[in-house]
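Down below is the structure, laid out as structure tokens.
Read the figures in this text as sums done on the coordinates, not as results from a lab. Since the structure is predicted, the reported quantities are computational estimates derived from the model, not experimental observations. All Cβ positions, even for glycine, are placed from backbone atoms using ideal geometry, and neighbour counts span all protein chains on display.
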Amino acid sequence: MMKKIVFILVLTGFIFQSFTRSPENISVEEKLIIQIDAVRKVIDTNAKYNREIAFFIDMEIVSGKNRFFIYDLKNKVIIDQGLVAHGIGSETRGSGKLKFSNSYNSFCTSLGKYSVGKYYTGDYGKSYKLYGLDETNSNALTRNIVLHSYKKVPYMEQEKKIVNSLGCPMVNELYFKKIEKIIDTSKTNIILSIYN
């Protein structure tokens, strides 16, 4: 059985402290909590979004490690996690840090919140359209940024980097089946948040 990571907010001061610390000092867990709060603000103001499940991708985590999180908003728990590729244009030489862009033909990952839309069958099989909800990802639809699978994305974590995409969040075929089941049974749009 997959490990479940439970996040419980005990003190209001913890959240305040997260916002006042410099970004370099914020842990993976604290960043996720901040992103969960931002997603809750969106779904609380619009009934078309799923209030129980959201997807989160932390692009600061290296690509060979799990960084796509399926999060149960109701029970405050990560219910699954997997590998996800970033755009080839996001690679930088030397520093190891990724760059992000909303520009056409950049082949970069774009940060921000997305609404997961309907699927279609494309070059990579079943793919879900992504609608950018922020200024940083507003060109997602016209850039053809979609959520899809690719057979060369491994299922298990590894030490080395994984294959890159052309800017799309691209996951392993088996992990995609898990995501697909959640999306296809949801009566409302699921929010995907990509952050760094």
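Were the residues from residue 103 through residue 91 laid out at 0.36 nm apart, the gain over their Cα-Cα distance would be 2.8 nm. Computed from the Kirkwood radius of its Cα pairs, the Stokes-Einstein diffusion coefficient for the range 143-196 at 10 °C and 1.306 mPa s stands at 126 µm²/s.
Would you work out which of 78, 39, 64 lies farthest towards the positive end of the dipole of the range 29-80? Charges go on Cβ: Lys and Arg +1, Asp and Glu -1. Highest projection toward the positive end goes to 39.
Extension gain for residue 135-residue 60 works out to 25.0 nm (0.36 nm per residue, less the C-alpha to C-alpha distance). Among residues other than residue 106 with Cβ under 15 Å from its Cβ, the summed charge is +1 (Lys and Arg +1, Asp and Glu -1).
Taking each residue as 0.36 nm, the span from residue 180 to residue 77 lengthens on full extension beyond its C-alpha to C-alpha distance by 35.2 nm. Using the alpha carbons alone, the radius of gyration of the range 75-159 stands to its Kirkwood radius in an Rg to Rh ratio of 0.98. Given springs between every Cα pair under 10 Å in a Gaussian network model of the chain, which of 96, 64, 87 has the largest fluctuation? Of 96, 64, 87, the most mobile in the Gaussian network model is 96. Among the listed pairs 97/161; 41/99; 76/177; 74/118; 65/177; 99/152, those with a Cα-Cα distance over 21 Å are 41/99; 76/177; 74/118; 99/152. Taking every DSSP bridge with both residues inside the chain, close to 75 percent are antiparallel. Every helix of 4 or more DSSP H residues in the chain counts as -39500 (n - 2.57), and over all residues that averages to -6500 deg cm²/dmol at 222 nm. Each residue, residue 160 and residue 34, gets one label point 7 Å from its Cα in the Cβ direction; the gap between the two is 3.3 nm.
Summing Lys, Arg as +1 and Asp, Glu as -1, what charge do residues with Cβ under 14 Å from the Cβ of residue 189 carry, residue 189 excluded? Every neighbour counted, the sum reads +4. I need the P(r) histogram for the range 5-195: all alpha carbon pairs, bin width 5 Å from 0 out to the longest distance, whole percents. It works out to 1, 8, 16, 21, 22, 17, 10, 4, 1, 0, in whole percents.
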